[in-house]
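Quick notes on the structure that follows.
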Amino acid sequence: MVPEFLFPGTTMYNCVVMAKKLQLTIGVLATMLLLGASDIIVLEGSPGYQMMAQADEVSEPVIDRTNPVEPPSTIPEGGVRKFEGPNVEKTLGMQGFSITETSEQIILDRVVTGGGDTVTSKALLLHGDRAGSIAWVSSPQVKKHYVVLKEALHSAFTPEVKDLLDETQRRENHPTRNLLTFYDPGLLPERVVFVRVRERLYEFHVAEGASDEIFNLIEDLTK
């Protein structure tokens, strides 16, 4: 049975049809992502990867220590620990969100395979109603994951895609972030937002009517 909250306002028959279409789409994306992942060892020399690396080196942001943060990453040999960013679950609580387990399709699950990286995904509830979902992975490999993700998605977009935004955002006193957002009902029934900042990559699914709350959350998580 298809969970009704994934496809509000549709009949059960349409839910089943949309779920099958979603599974097929994710399968196609998985194939593209696997093909992209096979070239992962050469991504550090790719223009997209180099542009992200250069953008991150433009400025060192001021860290807001009043916001709950994740413990620093492991110290690399001969280097310093990197600041990972706000603690996700504490930030969700501060913004009024509660979380629950989710079984919906998460694209990052297809991108992050092997290498020991783990994707965490949750449904987002606001005042008891589903506002969308969040998934994230923290890893030194997120730049590579993001490049593979972008290449696969740009090849998979359908003619129905709209509101597509793909940009690198440089912000004063904040870390550079890469943002890719779109609405493509031929792929997924909701707006999708990917954000790469520092060593973390997020995926958000935005339910209708919850855009302001989700984008405010993104601002807090990417400080």
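Using a cut-off of under 13 Å, list every residue of the range 174-216 whose amide N is near the label point 7 Å from the Cα of Lys162 along the Cα-to-beta-carbon line. Only 183-186, 191 pass the distance filter.
Largest first, the three principal axis extents of the alpha carbons in the range 75-223 are 48, 37, 33 Å in whole numbers. In plain terms, if you count all Cα to Cα distances in the range 151-223 and split them into 5 Å steps from zero, the share in each step is 3, 15, 26, 25, 17, 11, 3, 0 percent. Just the protein heavy atoms count here, and of the accessible area of the range 136-223 at 1.4 Å, carbon and sulfur take up 44 percent. Between Glu208 and Gln169, the distance separating the two model label sites (each 7 Å from Cα on the Cα→Cβ line) works out to 2.5 nm.
Ranked by solvent-accessible area (1.4 Å probe, protein heavy atoms only, all chains present), the residues Ser103, Ser121 order from largest to smallest as Ser103, Ser121.
Using the Cβ of Glu208 as centre and a radius below 13 Å, the other residues enclosed give a net charge of -2, where K and R count +1 and D and E count -1. Ignoring everything but the protein chains, give the 1.4 Å probe accessible area of Asp166 in square angstrom, nearest 10. Accessible area, nearest 10 Å²: 60 Å². By a 1.4 Å probe calculation restricted to protein chains, His145 has an accessible surface near 20 Å², given to the nearest 10. In this view, the solvent-accessible surface of Lys90, computed with a 1.4 Å probe and all protein chains in place, comes to about 130 Å². Contact order for the range 114-206, expressed relative to its length and based on alpha carbon pairs under 8 Å spaced 6+ residues apart, stands at 27 percent. The mean accessible area for residues of the range 90-217, using a 1.4 Å probe and ignoring ligands and nucleic acids, is 42 Å² per residue.
The values are calculated or read from the model by the stated rules, or taken from the named source; none is laboratory data. Values in this document were obtained by computation on a predicted structure and should not be read as measured data. Every residue, glycine as well, gets a Cβ built from its backbone with ideal geometry; the counts of neighbours run over all protein chains shown. Protein only, heavy atoms only, side chains kept; ligands, DNA and RNA dropped before computing areas. Shrake-Rupley method; radii C 1.70, N 1.55, O 1.52, S 1.80 Å.
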